[in-house]
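Asker: Handing you this structure, nothing more for now.
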């Protein structure tokens with residue numbers, strides 16, 4: 001799970017820019033049995049003081065290793081990467097695996113020439129050439145400007161999906177529908193049913209025991225969220241349920257939880273809770289947070305935010 005924790009933290013490192021949806025090459029390698037998908041507009045990091053401060057404070061060693069691995073093959077993340085897409089998915093008996101896809105105007109021929117000079121010898125997997133990278137990663141070009149990377153099991157599973165040996169994300173109606181609602185944002189994520197159930201249970205804590213959550217969670221379909229850093233910080237999460245009754249019940253649970261936290265929290269956490277709201281519309285429950293940069297720092301340390309952003 002260390003690899004996927006790297007992916008989650010990456011959503012905190014960007015500000016709003018013109019969104020770039022996942023390209024067709026990246027999309028083709030994402031398996032149908034995806035737990036979570038995160039897309040990041042990587043170009044905006046250098047333009048946002050807030051994002052840079054968060055990067056300094058939160059960036060784990062995994063991100064540093066990935067950036068170092070890219071630089072090791074001649075790709076500068078600050079100049080050559082437009083978007084990063086991360087997928088966590090079930091891979092049969094191998095369990096949960098994760099892969100990343102970097103897309104941007106890097107020069108594939110120059111990269112391959114450098115790897116040849118460094119004596120990085122590719123191995124064939126199906127129709128793909130797979131190269132070793134520093135940090136324990138392996139990589140394969142999906143096209144001239146799209147690079148797939150991860151551990152060997154994850155990358156092989158993604159290549160199998162690209163080659164039609166396993167079903168792709170586009171065959172998963174629930175996730176595909178949720179993605180169509182958020183993929184115009186610079187930073188977005190979608191989460192499957194099981195992941196949403198775990199996220200909600202973690203978010204509401206002890207309230208899950210009071211509200212007979214075991215019955216409620218069966219009607220949770222999935223969730224999606226976006227994050228922007230222009231004009232302060234905006235965090236918007238939507239939980240998709242099976243019906244309006246479930247949405248109303250869940251919205252009431254969140255409102256009760258927020259009211260309790262507003263009355264019991266202190267300092268920065270109290271301010272963060274006062275800037276958070278929950279509501280429902282049809283089958284959807286929405287959670288919204290808006291703040292200035294300082295208030296966002298307080299929100300990052302609350303249980304609710306940690307649960308929703310994982």
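Asker: Can you tell me which residue within segment 77-92, out of those that are assigned to a helix (DSSP H, G or I) and at pLDDT below 85, is farthest from residue 188 (Cα to Cα)?
Answerer: The selected residue is 92.
Asker: Next question, about the same structure. Here are some residues: 135, 74, 95, 100. Which one is at positive phi and at pLDDT 85 or above?
Answerer: Every option except 95 fails the conditions.
Asker: Go through the residues of segment 147-168 one by one and say whether even a single one is at positive phi and in contact with a strand residue (DSSP E or B) (Cβ under 7 Å, 6 or more places away or on another chain).
Answerer: yes
Asker: Moving to a separate point now. Restricting the first residue to segment 270-294 and requiring it to be over 21 Å from residue 199 (Cα atoms), which pairs with a second residue that is surrounded by 17 or more Cβ atoms within 10 Å (Cβ to Cβ) meet a Cβ separation below 6 Å and a spacing of at least six or different chains?
Answerer: 271/295; 271/298; 291/233; 291/275; 293/50
Asker: Next question. Which numbered condition in (1) crowded, with 18+ Cβ neighbours inside 10 Å; (2) modelled with pLDDT under 90; (3) out of contact with any helix residue (DSSP H, G or I) (no Cβ under 6 Å at 6 or more places or on another chain) is the only one that residue 188 fails?
Answerer: Of (1) crowded, with 18+ Cβ neighbours inside 10 Å; (2) modelled with pLDDT under 90; (3) out of contact with any helix residue (DSSP H, G or I) (no Cβ under 6 Å at 6 or more places or on another chain), only one is false for residue 188: (3).
Asker: Follow-up question, since we're still on this one. Hey, residue 109 hits all of (1) crowded, with 16+ Cβ neighbours inside 10 Å; (2) part of a helix (DSSP H, G or I); (3) free of Cβ contacts under 8 Å to residues at least 40 places away in the same chain but one; which does it fall short on?
Answerer: (1)
Asker: Evaluate the following for residue 58: is it crowded, with 19+ Cβ neighbours inside 10 Å, assigned by TED's automatic domain parsing to the domain that holds residue 119, in contact with a helix residue (DSSP H, G or I) (Cβ under 7 Å, 6 or more places away or on another chain) and at pLDDT below 60?
Answerer: no
Asker: Ok, one more. For segment 284-297, which residues satisfy the criterion of being touching a helix residue (DSSP H, G or I) at 6+ places or on another chain (Cβ under 9 Å) and either in a strand (DSSP E or B) or surrounded by fewer than 17 Cβ atoms within 10 Å (Cβ to Cβ) (or both)?
Answerer: Scanning segment 284-297 gives 284, 285, 286, 287, 289, 291, 293, 294.
Asker: So, one more: Mind checking which residues of segment 147-164 are within 18 Å of the chain's Cα centre (by Cα) and surrounded by 18 or more Cβ atoms within 10 Å (Cβ to Cβ)?
Answerer: Answer for segment 147-164, where residues must be within 18 Å of the chain's Cα centre (by Cα) and surrounded by 18 or more Cβ atoms within 10 Å (Cβ to Cβ): 147, 148, 149, 150, 154, 155, 158.
Asker: Also: Scan segment 23-50 residue by residue and report those that are at pLDDT below 80 and surrounded by 18 or more Cβ atoms within 10 Å (Cβ to Cβ).
Answerer: Within segment 23-50, 40, 41, 42, 43, 44, 45, 48, 50 meet the criteria.
Asker: Follow-up. What number of residues within segment 222-245 are crowded, with 19+ Cβ neighbours inside 10 Å and under 17 Å from residue 178 (Cα atoms)?
Answerer: Number of matching residues: 12.
The values are calculated or read from the model by the stated rules, or taken from the named source; none is laboratory data. This structure is a prediction, so every number in the text was calculated from the model and none was measured. Backbone-built Cβ (ideal geometry, glycine too); neighbour counts: all protein chains shown.
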